[in-house]
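Structure first, then comments.
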Amino acid sequence: MPDSVNAAVPVAPKTPKIPFIHLKFKNNYNLIMQEVTRKWLKSRSKLSGEYLKILASTADEHREITAFLTEKNEEFHAIDPIEVRPQKVVIKGLPISTDIDAIRADLTERGFNVLKVAQLTKAKSKFKLPIFMVELKKLPSSPDIFQLETCCFLTVKIDSFNRRPGATQCYNCNLFHHSSSNCHIKTRCLKCGEPHKTGDCPIKSKIENPTCINCQQKGHLANSHRCPKFPKPKPKKGEASQNRNNKIVNNSNSNIFSTSATVQKGVSFANALKNDKQMAPPPTPKENRNRNNPKTIESENFGFMDAILELKKFFTDYPSLLELGRQLRNAQGNERVDVFYRHLISLN
Ligand SMILES: [Zn+2]
Ligand SMILES: [Zn+2]
Ligand SMILES: [Zn+2]
């Protein structure tokens with residue numbers, strides 16, 4: 001066979017995988033599924049635990065089905081197909097002081113559709129890093145960002161942006177593997193399971209022997225790694241080769257746009273905090289108070305600065321609160337209250 005014939009054989013374009021739509025199972029599921037199947041003949045569905053996993057045949061179909069389920073008020077979660085998802089990359093090689101607006105302007109001028117530019121920071125210290133995360137809307141006419149050689153007059157390196165590994169827990173329903181921005185499942189409070197945000201829970205104090213809303217067992221909350229429903233860490237795969245690149249990124253940016261809690265390798269925030277406490281047991285409130293100005297605290301003149309001082313001490317005693325601060329900065333609107341409560345709960 002001549003070479004030219006071989007060369008002419010068209011290479012099938014790699015079709016990107018369409019993610020499943022997770023529709024919450026209910027006994028009368030057939031009503032809604034009948035409509036879905038009738039409208040989207042090529043879609044497929046299967047039962048998987050407490051969900052019906054619906055597989056759309058195209059990204060468009062995926063969008064249509066999720067719009068339909070939303071309109072029907074069905075409970076589901078679905079992440080966007082990869083081609084609709086914004087492209088996230090990191091730019092390395094720029095000085096730490098680079099203005100993110102300059103990066104945005106430069107990329108826009110080169111024909112990129114820039115959704116967001118953010119400078120990455122170190123997890124604990126919050127020190128700025130010379131790494132910039134860029135979120136792009138990919139259009140058919142968009143140039144390939146990985147071909148970008150210079151930015152702001154300097155040679156740069158483009159890397160893909162990696163999330164921190166670990167299970168994602170939704171702030172809205174407290175189930176796993178999706179974030180609240182994609183969640184159409186009823187809001188469930190982490191503390192009491194009622195349909196309100198954890199931050200809006202009327203229970204403001206610590207629950208002594210809580211019931212987990214995910215497994216119904218007593219003694220832990222649904223964000224605890226002790227929960228049997230808490231996702232187990234996946235076996236490590238190609239970790240050695242990935243590590244070097246990911247480390248900084250992982251440590252620094254994982255929660256920047258998060259609408260969920262990311263819990264590392266089966267370690268819940270609560271547990272992470274526990275470890276902190278083991279390393280440096282916090283003094284009792286009484287000791288704490290006596291350490292500095294012992295009188296002013298109880299006096300009527302307790303002012304704003306006194307409060308700040310107390311909070312500062314509190315932060316020293318609970319170093320993990322820095323993480324809370326970081327998450328608060330990255331959360332939006334009411335989600336901040338959720339983030340706050342999650343942390344308070346895990347402090348116990
Ligand atoms: Zn959810
Ligand atoms: Zn509640
Ligand atoms: Zn549980």
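FYI, it's all coordinate maths here, none of it is from the lab. Please read these numbers as outputs of a predicted model, since none were measured by experiment. Backbone-built Cβ (ideal geometry, glycine too); neighbour counts: all protein chains shown.
Tabulated data for the structure shown
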| item | result |
| --- | --- |
| Subset of the stretch 198-219 (residues that are near ligand 2 (Cβ under 9 Å from one of its atoms) and either loosely packed, with under 10 Cβ neighbours inside 10 Å or more than 25 Å from the chain's Cα centre (by Cα) (or both)) | PRO202, ILE203 |
| Conditions (1) within 16 Å of ligand 3 (Cβ to nearest atom); (2) under 30 Å from ILE91 (Cβ atoms); (3) part of a loop (DSSP other than H, G, I, E, B); number of the one not met by GLN169 | (3) |
| Any hit, the stretch 153-167, residues being surrounded by 15 or more Cβ atoms within 10 Å (Cβ to Cβ) and within 16 Å of ligand 1 (Cβ to nearest atom) | yes |
| Any hit, the stretch 145-168, residues being hydroxyl-bearing (Ser, Thr, Tyr) and within 16 Å of ligand 2 (Cβ to nearest atom) | no |
| Cβ-Cβ under 9 Å pairs, at least 6 apart or on other chains, the stretch 22-39 side part of a loop (DSSP other than H, G, I, E, B), far side of a type in the set (D, E, K, R) | PHE25/GLU50; LYS26/GLU74; LYS26/GLU75 |
| Residues (surrounded by fewer than 17 Cβ atoms within 10 Å (Cβ to Cβ) and not in a helix (DSSP H, G or I)) located in the stretch 94-113 | PRO95, ILE96, SER97, ASP99, ARG110, GLY111, ASN113 |
| Residue selected from the stretch 169-179 under the condition within 15 Å of VAL339 (Cα to Cα) and surrounded by 21 or more Cβ atoms within 10 Å (Cβ to Cβ), by the criterion nearest to ligand 2 (Cβ to nearest atom) | ASN174 |
| Test: residue in the stretch 121-142 that is away from ligand 1 (no atom under 16 Å from the Cβ), buried (at least 17 other Cβ atoms within 10 Å of the Cβ), within 17 Å of the chain's Cα centre (by Cα) and of a type in the set (S, T, N, Q) | yes |
